[in-house]
Amino acid sequence: MTFTATFLFHDSLNDFLRKFQKQQRLEYKFEGKPSVKDAIEAQGVPHPEIAQILVDGEPVSFQYLLKPNDFVEVFPATKNQIPEAKLLQPKLPETIRFVLDVHLGKLAKALRMLGFDTVYRNDLDDKTIAELAQNENRIVLTRDVNLLKMKAINWGYWLRSQFLEEQLAEVIQYFKLQNKFAPFTRCLECNGLIHEVRKEDVLGVLPPNTRKYFSEFYQCESCRKVYWKGSHYERMQQFIDNFQ
């Protein structure tokens, strides 16, 4: 037998719906006793972006079993007035760490530039990303909605924009990172930590003009890449200033 429940998605969760569905009460047909989480994700909305679910005005968990004629309201994590005790998502870790999908290499470098521990490789599959998120308490950033629906993922965000600066602004605002920057402490290439080193210790890898005109150097403890405050540093500093 087929039953019907009614769903209403609030605010930013409408980004996952088709144009004609946005801001509308949606009838959802189902059989048996699906969980409300499964019903929500079947309509396109991934669980990491959900803060609260109300059924007929009462808060429920993701495991709640849908009943005929239920009226389900779904609220996003950006809904600030929801008491923390009633939020469905676990509290974010004290130390913010990210893992990004294979399409977000530029964003990974930008986050590393700001000092955030950011795992990115262009060969990571969805299963590996989910495992890293679960095992290392990382936030998943992606342009793939289906990735965010994986059960192992607690925290995640689907990037609305395809443009780097807009993506970075989204992440900073969504996770409230404005006061958590630690610029130039991570390697842009491998995510390793960067430390100041003596010039004589890296002379062998410096271009001639760099060796001549610069005296302050930093090196990644993992991949050994060397950094100095050339014109590229000034451009990166200007980029960072746009988000502070």
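The values are calculated or read from the model by the stated rules, or taken from the named source; none is laboratory data. These figures come from a predicted structure and were not determined experimentally. FYI the Cβ positions are ideal-geometry reconstructions off the backbone, even for glycines, and counts take in every protein chain you see.
Just a few scattered comments:
- Neighbours by Cβ (under 6 Å, 6+ apart or cross-chain): first from the range 205-225, without any contact (Cβ under 8 Å) to a residue 60 or more places away in the chain; second exposed (fewer than 10 other Cβ atoms within 10 Å of the Cβ) and not in a helix (DSSP H, G or I): TYR218/GLU196
- Positions within the range 176-198 being in contact with an Asp or Glu (Cβ under 8 Å, 6 or more places away or on another chain) and either free of Cβ contacts under 8 Å to residues at least 24 places away in the same chain or among the polar types (S, T, N, Q) (or both), in sequence order: ASN191, GLU196
- All of ILE172, ILE194 fail the test of being surrounded by 20 or more Cβ atoms within 10 Å (Cβ to Cβ) and out of contact with any helix residue (DSSP H, G or I) (no Cβ under 9 Å at 6 or more places or on another chain), apart from ILE194.
- All positions within the range 147-171 that are more than 14 Å from LEU92 (Cβ to Cβ) and in contact (Cβ under 8 Å) with a residue 24 or more places away in the chain: LEU147, LEU148, LYS149, MET150, TRP158, LEU159, ARG160, LEU164, GLU165, GLN167, LEU168, ALA169
- Each residue in the range 204-244 was checked for being among the charged types (D, E, K, R), in a loop (DSSP other than H, G, I, E, B) and modelled with pLDDT under 90, and 0 pass.
- In the set (1) of a type outside the set (A, V, I, L, M); (2) assigned to a strand (DSSP E or B); (3) more than 24 Å from LEU13 (Cα to Cα), the condition left unmet by PHE184 is number (2).
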